[in-house]
Amino acid sequence: MHQQTHIEVKNLNVSYGDVKALHNITLAIPDKKITAIIGPSGCGKTTLLKSFNRLLDLEEGVKIKGEIFVDKENIFTPGLEPTHIRKKMGLLAQKPCPLPMSIFDNVAFGPRIHGLKNKRRLYGIVRYHLKQAGLWKEVKDRLYEPASKLSIGQQQRLCLARGLAVKPEIILGDEPTSALDPASSKRIEEIFKMLKSRYTIVLVTHILRQAKRLADYIVFLYNGELVEHGPADVVLAHPQQPLTQEYINGVVS
Amino acid sequence: MNIRKDRRFFEEKLIKGIMRFCALLLAGLLILIVTTIAVKGFSALNLSMLVNTAKGGFYLGKEGGILHAIIGSFCIAGGATCLAFFISTPIVLYINVYRKKRSKLAELIRFAFNVLWGIPSIVYGAFGFTCMLFLGLKASLLAGILVITLVEIPILARGIDEVVQHVPIEITQAALSLGATTGETAWKVVIRQILPGIITAMLLAFGRGIGDAAAVLFTAGFSDYIPESLMQPVATLPLVIFFQLGTPFPSVQNRAYASAFILTLLVLSISLMARFFSKKLSRHRIDHM
């Protein structure tokens, strides 16, 4: 199975103070596929995800060694503006987090800061991406109300629309359905399936069944080490490592 | 068994009682203060006090009012609060958004705020006076504003710092992950989240500024007129109260209470206004985090 690589991680080491969070990770994430990062909590899944768009820079006392290439460009190149990397990636957080402004302004925020002023075009962009996220019908009559008034499931779809409006190539999801009810989770999953033909999607999830439903590619982390990675059907059906087998069979969690 | 149970319930009741008593004490104190100044000042309270400035012999019991001091106090406290806002907000956003919240620099600046906050305002007044002597300036509205700005900066900065520290990190991350620069994140997103908190902090600072007598004593001087420029000396309400209370005439002392009553009403109405605006401004705030 030939796959093009979109994100390439080489010898990545991350530590917080003296605590090692990721140890020597080398990995290639395929283009236009859904990659699921699985593993028990505290194994470094979120750390790995947040190193992709350099949000890790914000953490206190973090040390990063190694390289990550996005579109063949090392994101840790000194002097490189992280905004340039982040613009390429939409992020869905564990808990949906709208910006403190109206529904419309949330989606328009990205295009606005990247220089779009034309009101009619902004409206078009907002409408298009709210439709993409399956939220348009529910909010079209109250676009100027505070985003915080939406239900939590709607907020997560708003965050997705907001991320898509920046025209990213990659969508990062940090357990994006963990705070949602089952119906909202299902909607988000369906949207991901719809989007994967056009975006590279990387999901952190601790729900194994979600990984089975969605993933084309599996990355299994345990205690900051990369244990196994490969196409989902292979890893899930015939895991090579004993640890992966135990995790998939529910022996360790 | 039963005795122990009784004791537990007794303790519970006792502690609840103490807490209620303390709360009532505070409320009672407020009512007592307001009624005292209202009762004592009632005889002297009239409209002409509000629309006239002090005429000759005002402090001996003759005609006049305190309009000049009301305006003076508003100019000083208002000007100082604005200036302090424009100085404190950048500092606070810098140490919380541009730098990491727990960085050494941030902690050092917070420590400086705490020390400055604890300095008595008479010391600020003396410092201001020294500077004025050095620069050859006279007591004036401008000097008063500048000194009260110094008094207010630590109050305002600490107040804003408190709210900025509580902004969920997810909001910052969300803005950054959309490709916003740190500046855009601070000034377009974080600031919206903390607007209500800023209003509250400004109100606190304004209250401290309008009530301060010691720092303006040396720096703003005193006058019987409404100031016409920044370089003229200006009267303030606390000093008017102080001078009136210091006279041996009961009728003038009553005017002091009337002035105090007006000062209290002004602070109260500003406080209510601030609450109203901060409610309006918190419309978009994210608070489910």
Seminar exercise, completed: For A:ALA165, the lone unmet condition from (1) of a type in the set (Gly, Ala, Ser); (2) buried (at least 19 other Cβ atoms within 10 Å of the Cβ); (3) in contact (Cβ under 8 Å) with a residue 60 or more places away in the chain is (3)
For this session: Considering every residue within the range B:36-43, establish whether at least one is under 23 Å from B:TYR257 (Cβ atoms), surrounded by 10 or more Cβ atoms within 10 Å (Cβ to Cβ) and among the aromatic types (Phe, Trp, Tyr).
Result: yes
Exercise. When you scan the range A:28-119 for helices (runs of 4 or more DSSP H) that lie fully inside it, which ones turn up with 2 or more residues that are within 11 Å of another protein chain (Cβ to nearest Cβ), over 28 Å from B:LYS101 (Cα atoms) and in contact (Cβ under 8 Å) with a residue 12 or more places away in the chain?
Worked result: A:103-113
Problem set entry | Failed item, numbered, when B:GLY128 is tested on (1) assigned to a helix (DSSP H, G or I); (2) surrounded by fewer than 21 Cβ atoms within 10 Å (Cβ to Cβ); (3) away from every other protein chain (no Cβ under 14 Å) | (2)
Problem set entry | Single residue of the range B:146-184 satisfying the filter (within 12 Å of another protein chain (Cβ to nearest Cβ) and among the β-branched types (Val, Ile, Thr)) that is nearest to B:PHE113 (Cα to Cα) | B:VAL167
Exercise. Residue check, A:ALA133 against (1) closer than 21 Å to A:GLU169 by Cβ; (2) more than 7 Å from chain B (Cβ to nearest Cβ); (3) without any contact (Cβ under 8 Å) to a residue 12 or more places away in the chain, all met but one. Which one?
Worked result: (3)
For this session: Output the number of the condition that A:GLU175 fails; it satisfies all remaining conditions of (1) more than 14 Å from chain B (Cβ to nearest Cβ); (2) crowded, with 17+ Cβ neighbours inside 10 Å; (3) under 20 Å from A:SER41 (Cα atoms).
Result: (1)
Exercise. Any idea which of B:ALA157, B:ALA201, B:ALA112 is in contact with a Pro (Cβ under 9 Å, 6 or more places away or on another chain) and either over 30 Å from A:LYS167 (Cβ atoms) or surrounded by 19 or more Cβ atoms within 10 Å (Cβ to Cβ) (or both)?
Worked result: B:ALA112
Exercise. Which one of these is at positive phi, of a type in the set (Gly, Ala, Ser) and more than 23 Å from the chain's Cα centre (by Cα): B:GLY41, B:GLY56, B:GLY64, B:GLY17?
Worked result: B:GLY64
Problem set entry | Criterion: in contact (Cβ under 8 Å) with a residue 12 or more places away in the chain and either of a type outside the set (Ser, Thr, Tyr) or not assigned by TED's automatic domain parsing to the domain that holds B:LEU268 (or both) - qualifying residue of B:ALA27, B:ALA38, B:ALA23 | B:ALA38
For this session: Among what's in the range A:1-23 and is assigned to a strand (DSSP E or B) and exposed (fewer than 14 other Cβ atoms within 10 Å of the Cβ), pick the residue that is modelled with the highest pLDDT.
Result: A:ASN11
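The values are calculated or read from the model by the stated rules, or taken from the named source; none is laboratory data. On a predicted model such as this, the values are computed, not experimentally measured, just so you know. Note that we place each Cβ from the backbone using ideal geometry, even for glycine, and neighbour counts take in every protein chain shown.
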